[in-house]
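Only one structure is covered here, and it is reproduced in the block below.
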Ligand SMILES: [Mg+2]
């Protein structure tokens, strides 16, 4: 898997050849370093400046595609002119037209119930965060001692089991997170397609991400002839054809993009 900066001349030629480029980024672990608690993940001044600059350029459409709730994501990033996709794309704003997946709101009540059961069930676990995001929920255990990891996962599985067995919910996992999501065939890949469709002119897509739920986004952009970039140390099983080591290197690429 080539490091993106090593093959930048050929990638930048490809991007320059497109009339418009859709630049999409995961948030945590991609634009910001992974931190102990989700609420303290902040964009660096430099990344913020570069994203704003790119968003103001005619040749780019810029967006963030995250598992966070949409309102949380919008308030953390807070750059005008961006497209925002929250809850793994179940809700999208600022991409030409606002979107909520039509099947998603029906799950809100059940997810709230599962969240309150999890708050009780995980009450004794140090450092746990149960983040109820209306359309999905995430249990964060980054600040939790590793000895609790299995208990956390088992508790989420057991609590969500009736809904999973009924085909209504699904469980997904990422870096120190377990999530309960509606069992809808919709994720970051579909969200990227939706944002691209809203652009109207099928811009060349480029997507940066660091985790399991980003994989379908990688496939979507590569199938559309675009560029997928995995953020992290070299991983065997990512479908992305390019790699960057860290959010700091993502900022370097943002600077290169402003010179395109
Ligand atoms: Mg991430």
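Things to note:
- Within the chain, helix-based [θ] at 222 nm, where runs of 4 or more DSSP H residues each add -39,500 (n - 2.57), nearest 500: -11000 deg cm²/dmol
- Taken over the chain, the convex hull of the Cα atoms encloses 119 Å³ per residue.
- If both residues of a DSSP beta bridge must be in the chain, then about 45% of such bridges are antiparallel.
- Comparing 71, 158, 115 in a Gaussian network model of the chain (Cα springs below 10 Å), the most mobile by mean-square fluctuation is 158.
- The long axis of helix 188-199 is offset from the longest Cα principal axis of the chain by roughly 40 degrees.
- Cα radius of gyration and Dmax for the stretch 219-260 (Å): 11.3, 32
- On Cα atoms only, tilt of 149-165 relative to the major axis of the chain in degrees: 80
- Residue 5/residue 109 FRET efficiency (R0 45 Å; Cβ-Cβ; nearest 0.05): 0.45
- Here the gap between residue 239 and residue 147, fully extended at 0.36 nm per residue and compared with their Cα-Cα distance, gives a gain of 30.0 nm.
- When the alpha-carbon atoms of the stretch 1-142 are used, the pair Rg, Dmax equals 17.8, 56 angstrom.
- Crossing angle, helix 108-121 versus the chain [Cα axis fit, 0-90 degrees, rounded to tens]: 60
- Global form of the stretch 172-247, assessed from the alpha-carbon gyration tensor, a/c cut-off 1.5: oblate
- On full extension, the segment bounded by residue 168 and residue 46 gains 39.7 nm, given 0.36 nm per residue less the C-alpha separation.
- When the stretch 105-182 is reduced to its Cα atoms, the Kirkwood hydrodynamic radius in Å: 12.3
- Label-reachable residues, the stretch 218-246, where backbone N falls under 12 Å from a point 7 Å from residue 34's Cα toward its Cβ: 231-233
Coordinate-derived values only; no laboratory data. In this text, all values refer to a predicted model and were calculated from it rather than measured experimentally. When we count neighbours, we look across all protein chains shown, and the Cβ atoms used for this are built from the backbone with ideal geometry, even at glycine.
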